[in-house]
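Only one structure is covered here, and it is reproduced in the block below.
Bear in mind that the values in this text are calculations on the coordinates, not laboratory data. Keep in mind the model is a prediction, meaning the values are calculated, not measured. Because the Cβ atoms are built from the backbone with ideal geometry, glycine has one as well, and the counts that use them run over all protein chains shown.
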Amino acid sequence: MSTDIQLAAVPPIVDPEDFHVFHGFRETSLCLFTDPEHNAALRVTGQLIYSMASEGDNDWPTEPEGHPRHQLRAAVADLRFLQGFLGSLGRPLECTRAGHEGHLARLALRLSGQVAEIAAVLESELGAWRGEE
Amino acid sequence: MPSLPDRTPPSGPNDPPAPIPTIDPERFEDFEGFRETTLCVFTEPGANATLRALGDLLYTMALEYCQHWPVEPDGSFYHQVRAAVADLRHLEGYLAHLDTQREEASLSDHEERVSEVCGKFVPDLRAVADALETALGPMGATR
């Protein structure tokens, strides 16, 4: 196990067109695993688990509100997660820092609000109905 | 010999699916691990709960153990911001994918409307990720 700075795994640059390559674990979770081998192992495991579930035949419960609404509800949940994550990057202690880190923290806090607005509109579009009879 | 707990039988197509949680942003840390867009495929409640617990366990153990791993080249703060950008880009692509479903799948009227709304917010999400990425600058420039 190396502690060489050069060997740290860093978050990838995700091309939205290739989002499907990044199913599995959140990058905010994977970023903890800075050992490249461990990071790659988890990344591949996450993708494998997703592929096996989405491409295999199973008798799992169907989504009562339909596939698109179910998927959007998941996206909204991930937006709320990111709203919280960005908010934590912009917590008061970080925002009062001088220099670039403080600037970035304040920006993260502002963007957290923008993500919240997007999530709120999508949430209201979905409504409370989840396919109940 | 101790016995294993009773195993809950897997659900069938007509059983209720695993619910997608309503995430309180204040408690986002309770939802580290797998993306909800990944977990939503696992509608079988037992499978969904197992993966959710695995993600949580791995994340919790990593928090304790990460001191033994390589340090982040730009420091922890910038590293986390880069991870957030990556997740924003993932969601940007995911919403764009839902937007295309109007042409690629047979949807009900309401689903078509939902798909349209997804497309409407792709540029907004892109703008959020762009703003953060621009402020970050290239790797190494932030040290």
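Structural descriptor for the stretch B:1-68: relative contact order 34 percent, calculated from alpha carbon pairs under 8 angstrom and at least 6 residues apart. Calculate the FRET efficiency for A:THR62 and B:GLN67 from the Cβ-Cβ distance with a Förster distance of 45 Å, rounded to the nearest 0.05. Plugging the Cβ-Cβ distance into 1/(1 + (r/R0)^6) gives 0.50.
Counting charges near A:PHE19 (Lys, Arg +1; Asp, Glu -1) among other residues having Cβ under 11 Å from its Cβ returns a value of -3. Taking chain A as a Gaussian network of alpha-carbon nodes connected by springs under 10 Å, the highest mean-square fluctuation of the residues A:PRO36, A:PRO11, A:PRO61 belongs to A:PRO61. Approximating the spin labels as points 7 Å out from Cα along Cα→Cβ, the A:TRP129-to-A:ARG110 distance works out to 4.0 nm.
P(r) tail for the protein assembly as shown: Cα pairs beyond 26 Å make up 43% of the total. So for the stretch A:4-133, taking the charge dipole from beta-carbon charges (+1 Lys/Arg, -1 Asp/Glu), which of A:GLY99, A:LEU32, A:TYR50 sits furthest toward the positive end? Farthest along the dipole direction, towards plus: A:GLY99.
The magnitude of the dipole of the stretch A:30-122, with charges of +1 and -1 set on the Cβ of Lys/Arg and Asp/Glu and taken from the Cα centre, is near 620 debye. Per residue of A:53-65, other chain Cβ atoms within 10 Å of the residue Cβ number 6 on average. Does anything in the stretch A:115-133 have its amide N under 11 Å from the 7 Å Cα→Cβ label point of B:ASP124, and if so which residues? Of the residues in the stretch A:115-133, A:115-125 have backbone N under 11 Å from the label point off B:ASP124. Spatial offset of the stretch A:1-70 relative to the stretch B:24-66 amounts to 12 Å, using the alpha carbon center of each. Residue by residue along B:10-21, Cβ atoms of other protein chains within 10 Å of the local Cβ number 5 on average.
Short-range pairs are left out: with C-alpha atoms under 8 Å and at least six residues apart, the relative contact order of chain B is 20 percent. In this simple spin-label model, placing a label point 7 Å from the Cα along the Cα-to-Cβ direction at both B:THR22 and B:THR134 gives a separation of 3.6 nm.
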